[in-house]
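What follows is calculated from the coordinates using simple rules that are stated; it is not laboratory data. Note that the structure is predicted; figures quoted are calculated from it, not measured.
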């Protein structure tokens, strides 16, 4: 055993360094579901900057130092406060924000989001049937992103007003009617944030023909 370790120590060191890099500096996150459509599609693999917010002890949620502040509109990977599952959602409200949703329209600190550029298209469900999807540009001041609403889908279209506690964040999926987000799992404490998703590394149509989606490679996330 000692001989094997000696002969392979370079390779083992490489594996250890690679593991530390993924758990402390940068990582990639495959997108398995449609909760962030149309921004992220099933089969996208996104680059996650683990140093965007905090330096953590590798393989833990122990924060060693704050490096940056999460911003409203960031696309964030985090551990679910209910069961530890890794999720990726949009950070919608910051600590101290008062947020509510009325018939799927967001209000933050009394300001209503505006919705423009409506587009209607069919959206395939998991069972193979189709639902009518309404895509809109949701804007708060200078921030804007495309979101999606699904007709005939039971979802929490109203909540609040809620006050976001200190060191917590409210997350929503861009696919509002098909997302297990803060409406269901509650606020997300800062120590559970993993990192910020910046770009799409690679993408393939895993719901269809499995061909690569070359136009999405390197796409910057907004």
*Which number comes out as Rg/Rh for the chain once both Rg and the Kirkwood Rh are worked out on C-alpha atoms?*
1.02
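Would you calculate a helix-derived [θ] at 222 nm for the chain, using -39,500 (n - 2.57) for each DSSP H run of n ≥ 4 and dividing by the full residue count, to the nearest 500?
Values: 3 runs with 26 residues, N = 222.
For the chain, the value works out to -3500 deg cm²/dmol.
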*Based on the Cα atoms of segment 137-180, what semi-axes does the equivalent ellipsoid have, where each is the square root of 5 times one gyration tensor eigenvalue, given in whole Å with the largest first?*
20, 16, 9
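Computed from the mean reciprocal separation of all distinct C-alpha pairs, what Kirkwood hydrodynamic radius does segment 69-157 have, in Å?
Values: mean 1/r = 0.0667 Å⁻¹.
For segment 69-157, inverting the mean 1/r across all distinct Cα pairs yields 15.0 Å.
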*Express the Stokes-Einstein translational diffusion coefficient of segment 114-168 in µm² s⁻¹, to the nearest whole number, given a Kirkwood radius over alpha-carbon pairs, 20 °C and a viscosity of 1.002 mPa s.*
157 µm²/s
*asked:* Compute a Gaussian network model of the chain, connecting alpha carbons closer than 10 Å, and tell me which residue from 86, 176, 125 fluctuates the most.
replied: 125
_Degrees between helix 9-24 axis and first principal axis of the chain (Cα, 0 to 90, nearest 10)_ = 20 degrees
*So how far, in whole Å, is the C-alpha centre of segment 155-174 from the one of segment 125-142?*
19 Å
*asked:* Can you give the log10 of the normalised intensity I(q)/I(0) at q = 0.18, 0.22 Å⁻¹, computed with Debye over equal Cα scatterers of segment 63-111?
replied: -0.76, -1.00
*Provide Rg and Dmax in Å for segment 157-200, with only Cα atoms included in the calculation.*
11.8, 34
_Under 10 Å, Cα contacts only: if you run a Gaussian network model on the chain, which one of 181, 103, 44 comes out with the highest mean-square fluctuation?_
103
*Among 146, 199, 105, which one shows the biggest mean-square fluctuation in a GNM of the chain, springs joining Cα atoms closer than 10 Å?*
105
